[in-house]
Every structure is written in C-alpha cells, then in structure tokens.
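Down below is the structure, laid out as structure tokens.
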Amino acid sequence: MARKKPLPEGMRYKEDRGCIEYRFRVNGKRYSVYGQTAKECLQKAAEKEQALQSGAYKPSKDLTLTEYFDRWLEAKSRSVKETTIRTNKILFAIVRDLPVDQVGHTFGGMKLTAIEAQQIRDLQSAMIGAGKSTRTTNDTISMIKGLLQTAVDVDRILTWNPAAGIKQLRRTEPAARDTYHRALTEDETKLFFQMAKDRESWYYDLYCFLIDTGCRCGEAGALQNSDITSTTIRISKTVTRLEDGTYQIGSEAKTRAGTRDIPLRPLARQGIDHQRAVNMLLGNGVMGITDTIFKSPRGHLLNDTTVNQDIARICKAAGIEKFTAHAFRDTFATRCIESGMQPKTLQEILGHTDISMTMNLYAHVMEETKIQQMQAVKINIV
C-alpha cells in the first residue's frame, strides 16, 4: 500500500470522509475546513478567516436548516455521484418552503438547533397533505435524517438527531410491478413493434435492443462500438443527468452489479447492426470504436424523456395502454422467467445488486410459471 504524503501542521487525513481536515485558530477560536488537497484546505481557511474578520461568517449554532443543507451538500459532493446531489436538491426543495407554524415560518428557515421530532412528524403529514406520495415522503425524511445525523456525528452541532425515531410511512401506492414495472403482453408487443416500424420510428432499433437484453435506457445510450463483440454486450457505463439538466456518460454503471456481460441475441444484434449502418450514413462513412451506438435523432446522447415521448405517440397510434422504456426491461425479464430461466441468472443479466430485488419484482410471474410447470409434470404410479 502506497504511503500517503505528509501533511502540513494542523492537517490530517479523514478516512471516513475521503478528504483532508485542516484545523486552525482565528482570534483564539478553533475552526475546521475540509478539502481534497492541502492547497484547497489552505484556500478555504483563508476564505473563512476573511469571512470571520468581516463578520460575514455565521457560527454553526446559528445556521438555518437551509444553510446547513448547503454546507452538507457541498461536503457530500466530493464523495457521491452528481445525480445523487441533484436528487437531494430536489427532495429538499419539496420541504424547504413548507410552513411550520401559523406565523409563516418555513421548515428550511428554522434554526438547525431548534428542530424537534414533532416538527419532523408534522412535515410528514404536510407532505402527504400536499399530495406527495408515501415513497417521496419517505425518501425526503430519510434524506433529512441523514443530514441531521451528520450534524450530530461530524459537526457536533446537535447532541441528538430529532429525526432518528421517526418511522417510515406505510406505502399506499400500488407495487412497482403493478405500475411502471409492467410487462407487455405478447399482443401488445406485436402491436407496438408493428406500429413503430410503420411509423419509421427513429428509436425502432433501440426498442429491439432493449426488449432483447433487458438493459436500461441509460445503459443502451452509453454503449460504444467497443462494448460489442461477436457474442457479448459489455455494460459498464450509463447516461446520467447532471444538476443543470444536461446529460453525460458516467464513468461507471448504475451500481457495482450493473457492470456485466450479456450474451448477444439475434434481435439485439439486428438493432445494433442497423443502427450502426444508419450512423455510418450520417457520419459520411466514419465510425470510431468509442462512438455511441444509440443516439438522439440529432446525434446527441440518448435522452429517456424523448424516448418515452416517442413511445407514448406509438402507443396512442396502436391503441394500447401507454408505458415507458422501462417496460421493455420488464417484458424481457418476464419472458425469461416464463421460459424457465433461473432467478440467479436473471439477476446477473439485469444487473440487480440483490436477488431479493429480482424476486420482489417478478415473484408474481414466477408463481404463475411454477403452477404451469407443476401441471406439466407427469408422474405414473402404475
């Protein structure tokens, strides 16, 4: 193991946070800043000292929840994906301006040290009253719980976490497998693909690929020519949406299990080959090994929003219930189970981290398959 570079006086490596802490004093009081390098720490210390001398710096005990959230998110940005930062911002925006009393004080405007457990419970009720789903409510409260726990464990602003004992609400929405995790019937599948072909959908090749591999739309959008061999598809990246709403190819898959090799089947091969031929025409016969295969009509990165809009138009024309691109993944998984594929194999092909995720989503299909296969068993006793 490589030895770490010695740090200047007052600095130390923080293994739990993946950064360097620099402790220093201003007017006899001790303060801390964090950074990835000693230079960054010194710069932040100089900025904090300037703010302290000018009176612009606010002590931790006087921070509002919104102010602490901004500091917390800045620290997290050094160790989590940008999509996670964006999700946290969206969740906090839901509750930041919700009123906490009759005078009109908002949750985000409360002092961090003044938050009590009852206000977290009131927040749950306010979110449900505002029409938020129990899933969104639970995710938001979980995020706030983590934020407040950092104020206890790391920054020592709080002595206890007022959200620690708050229980998650019981889910009232239909299970995912009954809504957006919906597999297409064989008739729906045939109708959709016939209509997509008749309408000459730009994404027809993509749809062939998705329903024959079970890949996520973002994974298909990140596929490069070098990821395809004569027998396999290498999934190792995904298209992610950044804070500013733009898209880029991330450096890794959605999860560790998301990095996987998928056997290449004929329909997926057909989609890849035809899309490559189209790309060659549009690129004047030039195609690099790092070029993406599935693109937007203008040659940009694949955007799941426009893909789903195209699917909606095809569904309307075909007269079938609207669905999203995720339904191709679920249709693939359902057909695999109906064909007798083992759940563990399916887990690996789909890139699920835990087999329980596979079982929970497709348990109803497995039950039907089990009944059919039991009925097909022949036992003779005479």
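None of the figures in this text is laboratory data; all of them are computed from the coordinates on show. Nothing here was measured: the structure is a model prediction, and the numbers come from that model. No Cβ is skipped: glycine too gets one built from the backbone with ideal geometry, and neighbour counts run over all protein chains shown.
List of remarks:
- Full extension of the chain segment joining Ser356 with Lys322 gains 9.5 nm, where the gain is 0.36 nm per residue of separation less the Cα-Cα distance.
- Placing unit charges on the Cβ atoms only, positive for Lys and Arg and negative for Asp and Glu, gives region 11-57 a dipole magnitude near 180 debye about its Cα centre.
- Taking every alpha-carbon pair under 8 Å whose residues sit at least 6 apart, region 178-375 reaches a relative contact order of 29 percent.
- Residue pairs, from the table Lys14/Lys81; Lys76/Lys111; Lys190/Lys316; Lys190/Lys370, whose Cα atoms sit over 23 Å apart: Lys190/Lys370
- Label point distance in nm, Lys76-Thr306, each placed 7 Å from Cα along Cα→Cβ: 3.1
- Between Arg86 and Asp122, full extension at 0.36 nm per residue minus the direct alpha carbon distance yields a gain of 10.5 nm.
- In terms of overall dimensions, the C-alpha atoms belonging to region 178-375 reach 57, 39, 37 Å along their principal axes, ordered largest to smallest.
- Size of electric dipole in the chain: Cβ of Lys, Arg +1 and of Asp, Glu -1, about Cα centre, debye, nearest 20: 1100
- Across the options Thr345, Ser230, Met195, the greatest Cα extent toward the positive end of the charge dipole of region 178-375 (unit charges at beta carbon of Lys, Arg, Asp, Glu) belongs to Ser230.
- Ranking of Phe328, Phe193 by count of other Cβ atoms within 10 Å, fewest first: Phe193, Phe328
- With a Förster radius of 51 Å applied to the C-beta separation of Thr106 and Thr345, the computed FRET efficiency comes to 0.50.
- If you wrap the tightest convex hull around every Cα atom of the chain and split its volume per residue, you get 244 Å³.
- Extension gain, Lys14 to Leu242, is 79.3 nm, computed as 0.36 nm per intervening residue step minus the present C-alpha separation.
- Selected from His364, Thr246, Ser32, residue furthest toward positive end of dipole (the chain; charges at beta carbon): Ser32
- The calculated FRET efficiency for Glu40 paired with His364, based on their beta-carbon distance and R0 = 56 Å, is about 0.60.
- C-alpha center-to-center spacing [region 189-205, region 318-363] in angstrom: 21
- Overall, region 258-368 carries a charge dipole of about 440 debye about its Cα centre when +1 sits on the Cβ of Lys and Arg and -1 on the Cβ of Asp and Glu, all other atoms neutral.
- Thr113 versus Asp291: modelled label distance in nm, points set 7 Å from Cα along the beta carbon direction: 6.2
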